[in-house]
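Asker: Please find one structure pasted underneath; my questions will follow.
The values are calculated or read from the model by the stated rules, or taken from the named source; none is laboratory data. Nothing here was measured: the structure is a model prediction, and the numbers come from that model. Positions of Cβ are generated from backbone atoms using ideal geometry, with glycine treated the same way; all protein chains shown enter the neighbour counts. Ligands, DNA and RNA are stripped out before the accessible areas are found, and what is left, the full protein with its side chains, is counted by its heavy atoms. Shrake-Rupley method; radii C 1.70, N 1.55, O 1.52, S 1.80 Å.
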Amino acid sequence: MFQSPSQQIVEGVAGSSLLPTSPLLPTQPVAQSKIPFNQPYITGRELEYMQAAIENGKLCGDGMFSKRCQEWLVQQLQCRSALLTHSCTAALEMAAILADVQPGDEVIMPSFTFVSTANAFVLRGAVPVFVDVRSDTLNLDERLVEAAITDRTKAIVPVHYAGVGCDMDTLRSIADEHQLCLIEDAAQGILSEYKGKPLGSWGHLAALSFHETKNIISGEGGALLINDPAMIERAEIIREKGTNRSQFLRGEVDKYTWVDVGSSFLPSDILAAFLFAQLEQSRSILDQRLAVWNCYHTGLENLELSGQARRPIIPSDCKHNGHIYHLLVQHPETQMALIEHLKANGIQATFHYVPLHSSPAGQKYGRSSGSLAVTEQISDRLVRLPLSAGMTLADAERVVAIVQQFFQVRSV
Ligand SMILES: *Cc1c(COP(=O)(O)O)cnc(C)c1O
């Protein structure tokens, strides 16, 4: 039964034993290297750039590498302005201030998201109003948004789940008609497109994440993208502790002072240097992720045909970035059983999200609009497979084989 890792890789590349019609694979776990859920990918130039940042002698925020990163983001993501932050959470907190969210105001968002989407607005005293997601993309269901609007509504925050774009055309016209601020939680969406335009270029504001679990990383990190020109100057002030320091540094004012609310949202230029090395290589990072994603998608097609699991659905308007590969299984028991089976075979898989409307803080601070039936169904049935840029196709084939094995044993 024992196979050395190298034998397994050769088999994986040939793919012959991986077809769904092949005999059952050994059910005993075999000794081979573990496949982590996420492995931060390093391009190789991070240290060199960090050293350059140190030698520049300017270690605080908005140094040379911060500027380079911001220019890159403006160019590649077609936004008006980009400001690095120390996280996507921080960028969302800035967005909440910029959208002038006041205590008691309401902000429409999915419940199927990470806590920061809601927390940033709760910090300003606002009420997150949870709306269900579409069953295909698992993104905010634009058809349910208007019913959630009240005279306290201030903003809509669509989340581009798995880097697959929300229906931004519809959301944009709803936001315009009701004069609401449209804030994209594009934490997972870097370099994805909707109708040929990058995610992050559609809303008044958008927030990116460079957390180590995302596609492009700096350990912790993020950016606020600003498309509404009227918000650019205030964004700089909020990010610089409520001072007009940015204008002072550009020579636009002769002294800098406290002019507005704010906080410290800038990352050090050392981290920006790390990030720049990643941004430079971002297309190749995406290609590597997409290769793994496509390997899963092809290798697991039969499960969808047999009705055992549903694969991700990418609408024709969307170009995605290979951020997440998930399966939706039929029953909650199957979710845990599949994760356990993968774990027994050295493969780390996960699930998410605990819907915010059912969480203790979500119940305390938020409210739901209408039924959240899709959200409730998917969070109990979703399994995320390992996906990182450095992952080999042999590893991806091995994951496919173990998933196939799980469903074959079950259907016997
Ligand atoms: C990761 C993530 C965040 C938070 O990002 P940080 O950079 O860790 O603050 C927010 N929203 C969504 C949808 C995310 O996936």
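Asker: So, in the stretch 351-393, exactly how many residues are over 20 Å from K214 (Cβ atoms), open to solvent by less than 70 Å² (accessible area, probe 1.4 Å) and of a type in the set (D, E, K, R)?
Answerer: Of the residues in that region, 1 qualify.
Asker: Restricting attention to the stretch 202-212, which residues are away from the ligand (no atom under 11 Å from the Cβ) and either open to solvent by 10 Å² or more (accessible area, probe 1.4 Å) or in contact with a Ser or Thr (Cβ under 9 Å, 6 or more places away or on another chain) (or both)?
Answerer: Filtering the stretch 202-212 for residues away from the ligand (no atom under 11 Å from the Cβ) gives 202-206.
W202, H204 - these are the residues of the stretch 202-212 that are away from the ligand (no atom under 11 Å from the Cβ) and either open to solvent by 10 Å² or more (accessible area, probe 1.4 Å) or in contact with a Ser or Thr (Cβ under 9 Å, 6 or more places away or on another chain) (or both).
Asker: I'd like to check something: does the stretch 254-265 contain any residue that is assigned by TED's automatic domain parsing to the domain that holds A162, free of Cβ contacts under 8 Å to residues at least 60 places away in the same chain and among the aliphatic types (A, V, I, L, M)?
Answerer: Yes.
Asker: Would it be correct to say that I232 is under 30 Å from T257 (Cα atoms), within 16 Å of the ligand (Cβ to nearest atom), touching a strand residue (DSSP E or B) at 6+ places or on another chain (Cβ under 6 Å) and at pLDDT 95 or above?
Answerer: Against the criterion (under 30 Å from T257 (Cα atoms), within 16 Å of the ligand (Cβ to nearest atom), touching a strand residue (DSSP E or B) at 6+ places or on another chain (Cβ under 6 Å) and at pLDDT 95 or above), I232 does not qualify.
Asker: Can you name the helices (runs of 4 or more DSSP H) wholly within the stretch 222-327 that have at least 3 residues being small (G, A, S) and closer than 25 Å to T89 by Cβ? Reasoning before the result, please.
Answerer: Working: elements: 232-239, 245-249, 269-280, 282-299, 301-305.
Because the criterion is at least 3 residues that are small (G, A, S) and closer than 25 Å to T89 by Cβ, the helices (runs of 4 or more DSSP H) in the stretch 222-327 that meet it are 269-280.
Asker: Here's a follow-up. Working only within the stretch 245-293, note down all residues that are under 16 Å from K58 (Cβ atoms), among the small types (G, A, S) and at pLDDT 95 or above.
Answerer: Correct list: S268, A272, A273.
Asker: For the list (1) of a type in the set (S, T, N, Q); (2) part of a helix (DSSP H, G or I); (3) more than 13 Å from L303 (Cβ to Cβ), I need the number of the one condition that S371 fails.
Answerer: (2)
Asker: Sticking with this one: I'd like the full set of residues that are more than 14 Å from the ligand (Cβ to nearest atom) and either part of a loop (DSSP other than H, G, I, E, B) or in contact with a His (Cβ under 9 Å, 6 or more places away or on another chain) (or both), limited to the stretch 169-183. Steps first, answer last, please.
Answerer: Narrowing the stretch 169-183 to residues more than 14 Å from the ligand (Cβ to nearest atom): 169-182.
Hits for the stretch 169-183 are A175, Q179, L180, C181, L182.
Asker: For the stretch 218-236, which residues satisfy the criterion of being buried (at least 22 other Cβ atoms within 10 Å of the Cβ) and of a type in the set (V, I, T)?
Answerer: Answer for the stretch 218-236, where residues must be buried (at least 22 other Cβ atoms within 10 Å of the Cβ) and of a type in the set (V, I, T): just I226.
Asker: Considering (1) more than 23 Å from S135 (Cα to Cα); (2) open to solvent by 10 Å² or more (accessible area, probe 1.4 Å), say which one A187 fails and leave the rest.
Answerer: (1)
Asker: Within the stretch 328-340, how many residues turn out to be part of a loop (DSSP other than H, G, I, E, B) and touching a helix residue (DSSP H, G or I) at 6+ places or on another chain (Cβ under 7 Å)?
Answerer: 0
Asker: Let me ask something else. Among the numbered conditions (1) within 22 Å of R68 (Cβ to Cβ); (2) more than 14 Å from the chain's Cα centre (by Cα); (3) open to solvent by less than 40 Å² (accessible area, probe 1.4 Å), tell me where G262 comes up short.
Answerer: (1)
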